[in-house]
Amino acid sequence: MLLLIILGIDWASGFAIAGFVMRHGVSPSAYAFWQCFGPLLALFIIQVIRNDVKYYPGGLRYGFICGALGIALPNLIIYYSSRYIDSGILTVFANLDPICTYILVLLFHQEKFNKTKLFLVSVGVVGVILLLAQSHVQNIYTLSLHNGWLYLVLLVPICYSLGVIYLAKLKPKDGNVLNYSFWMLLFASIITIPVTLIDKNFYPLSFNYNSLLIILEIILSTIGYILLFIIIPRFGPVFFMLVNGISAITGIVYGKFIFHQSMTNITYLAVTLIILSIIGMYKFK
């Protein structure tokens, strides 16, 4: 549970950094590039020091599928859809992955249906959506169902869910978490780099505040990607997806005590729902 909390804080910190640097001149594709390539470079250095840069056929395939489903494809969809759909709406859709994960786990016969578990997952998702959607209510009301990008965005939680399920159930016997993380980020970078170059949005690092924050995010992402391969096989894909709730609560704490943002009754309700969901789900881990 401690590792799950650490990862939730890690993600929330990354979201906060992303929001700041994107408001100060860093494009989404440039940030996605550094979020992939930076940790890839860090992991390569770590493995060179450990003399552990090795080729494992099983790990290579495993990393490719995890990188495509868990990072590259959803990031590209979010990046291009953000030009046509409000960012808050995108975030709400992206956080439907716990429900998608549970449905897919049932379809793949990896778990038996449990109505209590479905209820708890739904409670957690509702809590996260309440937190994310309260500042975008007007945009939700004006959302057009004729917007084709809206339906493309539905692939984001499906990609996340498929990636987590694959990571949890088909872990190869050869290799280790550093190898898996490295190969995952290598393939994600191969897919992401051309998009950044084509859009001419590359952001070179230098001695400025944005660059320092990006370097901090590289460190956080490196830790986060390694934790993925430790936590998901241990906790299972459904419980793991509730890390979204921990991340959302951490974001609220940051907003309250660092950015001095006010908290509404909806915020308190949402946090309560998330905490109850996590406590309830803990017995199913």
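The values are calculated or read from the model by the stated rules, or taken from the named source; none is laboratory data. Computed from a predicted structure; not experimentally measured. Cβ placement follows ideal geometry from the backbone for every residue including glycine, while neighbour counts extend to all protein chains displayed.
Table: residues versus (1) assigned to a helix (DSSP H, G or I); (2) closer than 23 Å to Ala32 by Cα; (3) in contact (Cβ under 8 Å) with a residue 40 or more places away in the chain; (4) touching a helix residue (DSSP H, G or I) at 6+ places or on another chain (Cβ under 9 Å).
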{"site": "Ser206", "(1), (2), (3), (4)": "no, yes, no, no"}
{"site": "Ile218", "(1), (2), (3), (4)": "yes, yes, yes, yes"}
{"site": "Ile223", "(1), (2), (3), (4)": "yes, yes, yes, yes"}
{"site": "Ile226", "(1), (2), (3), (4)": "yes, yes, yes, yes"}
{"site": "Val238", "(1), (2), (3), (4)": "yes, no, yes, yes"}
{"site": "Ser247", "(1), (2), (3), (4)": "yes, yes, yes, yes"}
{"site": "Thr250", "(1), (2), (3), (4)": "yes, yes, yes, yes"}
{"site": "Ser262", "(1), (2), (3), (4)": "no, no, no, yes"}
{"site": "Ile266", "(1), (2), (3), (4)": "yes, no, yes, yes"}
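Picking from residues in segment 94-116 that are of a type in the set (S, T, N, Q) and part of a helix (DSSP H, G or I), the one that is nearest to Met241 (Cα to Cα) is Thr101. The helices (runs of 4 or more DSSP H) falling completely within segment 4-85 that include 1 or more residues that are farther than 18 Å from Phe229 by Cα map to 28-49, 73-81. Just one of (1) at pLDDT 90 or above; (2) within 14 Å of Tyr180 (Cβ to Cβ) fails for Tyr56. It is (1). Among the residues of segment 236-257, are any among the small types (Gly, Ala, Ser) and on the phi > 0 side of the Ramachandran plot? Scanning segment 236-257, I find at least one residue that is among the small types (Gly, Ala, Ser) and on the phi > 0 side of the Ramachandran plot, so the answer is yes. Flag: Asn95 does not match the condition of being at pLDDT 85 or above and polar (S, T, N, Q). The set of residues in segment 168-188 being surrounded by 23 or more Cβ atoms within 10 Å (Cβ to Cβ) and under 19 Å from the mean Cα position of the chain (by Cα) consists of Tyr180, Ser181, Phe182, Trp183, Met184, Leu185, Ala188.
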